[in-house]
Amino acid sequence: MFNINKKMKRKIILVYIILIFAIQIKSFIKYSSYRELELKLSSKINSIKRIGRYYIKDDIIYLAQSGSSIEFYLTAKSALITIYGGKTYLHDDYAKPRYAIYLNDKLFLDEKIQSMHTKILLFNYDTMREVKIKIILLSESFFGDIGINQLYFLSFLNVEDSIRPTEEKKYLIEFIGDSITCGYGIEAKAGHELFDTGTENFEKTYAYLASKELNFDYSVVCYSGCGIISPGIKMPQKYIKIIITQVI
């Protein structure tokens with residue numbers, strides 16, 4: 001065994017302290033202040049988790065089906081995101097798409113699309129934190145989807161180090177159905193109420209609750225009134241079009 005005397009020990013400790021100090025100084029020089037960063041989420045598609053079916057058009061990620069969502073961790077001091085509603089904000093109020101935003105698994109926002117694009121301040125802290133962000137479409141595809149693109153945030157990290165996807169589940173399950181799977185009227189106070197996207201909530205459907213209980217990731221294809229033997233467009237026809245235009 002090596003016999004290290006006290007003098008040698010002091011030298012080793014001193015060198016260790018100098019190295020640690022040098023690393024901290026280097027980090028401070030590289031990330032000495034917060035920077036305003038802008039990120040097109042579609043350009044970092046592998047840095048976010050996609051749940052359910054979606055498509056990308058004009059650099060915008062569109063949540064295309066009931067329960068379609070994105071999740072990611074963001075390390076920042078503050079963050080603002082843009083939600084695109086397209087022309088769905090011109091719909092009558094009962095038919096405007098409904099969506100929700102969660103921060104660290106707590107409901108932050110639950111509302112309908114009210115404009116072509118909306119900038120939403122997600123958080124503004126005194127210091128940097130890692131925050132889990134989830135955006136989910138609660139109403140069904142028939143009444144329109146929602147789009148997400150620009151993310152603005154303050155950080156002293158670079159973009160690559162600021163964002164990462166949430167964890168994938170071991171299994172993926174897909175639900176195919178009609179109004180029951182969509183959650184049609186699931187929050188209505190009475191059965192005779194007229195339809196309103198404000199009472200349609202995928203997070204209370206059997207599909208969402210089953211996948212949560214099983215700890216599975218999920219995908220959904222569902223349209224009210226669209227079944228196997230129902231009149232008009234039938235699900236097999238619809239599903240073939242979906243698998244061509246939307247991805248999981």
(message) Assuming 0.36 nm per residue, please report the length gained on full extension of the stretch residue 110 to residue 158 beyond their Cα-Cα distance.
(response) 14.2 nm
(message) As a test of understanding, state the convex hull volume per residue of region 173-248 from its alpha carbons, in Å³.
(response) 108 Å³
(message) Suppose a student asked you for the relative contact order of region 35-165, using Cα pairs under 8 Å spaced at least 6 residues apart; what percent would you report?
(response) 40 percent
(message) Apply the Karplus curve 6.51 cos²θ - 1.76 cosθ + 1.60, θ = phi - 60°, to the phi angles in region 214-225 and return the couplings in whole Hz, x for Gly and Pro.
(response) 7, 6, 9, 6, 9, 9, 9, 10, 7, 9, 4, x
(request) Could you tally the net charge around residue 86, taking each other residue with its Cβ under 12 Å from the Cβ of residue 86, Lys/Arg +1 and Asp/Glu -1? (result) +1
(request) Give a residue-ordered list of calculated ³J(HN,Hα) values for region 94-105 (Karplus: 6.51 cos²θ - 1.76 cosθ + 1.60, θ = phi - 60°; whole Hz; x for Gly, Pro). (result) 5, 10, 7, x, 10, 9, 9, 10, 10, 10, 6, 6
(request) For region 30-97, just list the percent of Cα-Cα distances falling in each 10 Å bin from zero outward, please. (result) 15, 42, 29, 11, 3, 0
(message) Take the residue pairs 57/241; 49/132; 119/189; 87/134; 106/204; 96/189 and return only those whose Cα atoms are more than 21 Å apart.
(response) 119/189; 87/134
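Assuming R0 = 45 Å, can you tell me the calculated FRET efficiency for the pair residue 120 and residue 234, based on Cβ-Cβ distance, to the nearest 0.05?
Working: r = 38 Å, r/R0 = 0.85.
FRET efficiency, residue 120 to residue 234: 0.75.
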(message) Ratio of alpha-carbon Rg to the 2.2 N^0.38 Å globular estimate for the chain, to two decimals, please.
(response) 1.32
(request) Could you calculate the contour length gain from residue 103 to residue 194, that is, 0.36 nm times the residue separation minus the distance between their Cα atoms, to one decimal place in nm? (result) 29.6 nm
(request) Choose one of 181, 74, 60: the residue whose Cα lies farthest towards the positive end of the charge dipole of the chain (beta-carbon charges +1 Lys, Arg; -1 Asp, Glu; about the Cα centre). (result) 74
(request) Between beta-carbons, use under 12 Å as the cut-off and find the net charge around residue 74, counting Lys and Arg +1, Asp and Glu -1. (result) +3
(request) Provide, in order from the shortest bin, the percent of all Cα-Cα pairs of region 35-165 in each 10 Å bin, continuing until the bin that contains the maximum pair distance. (result) 13, 47, 32, 8, 0
(request) Using Cα positions and a limit of under 15 Å, work out the aspartates and glutamates in reach of residue 77, with same-chain residues fewer than 8 apart set aside. (result) 36, 38, 126, 130, 161
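Every read-out reported here was derived from the displayed coordinates using simple, explicitly stated rules and does not represent laboratory data. Because the structure is a prediction, the values reported are computed rather than measured. Positions of Cβ are generated from backbone atoms using ideal geometry, with glycine treated the same way; all protein chains shown enter the neighbour counts.
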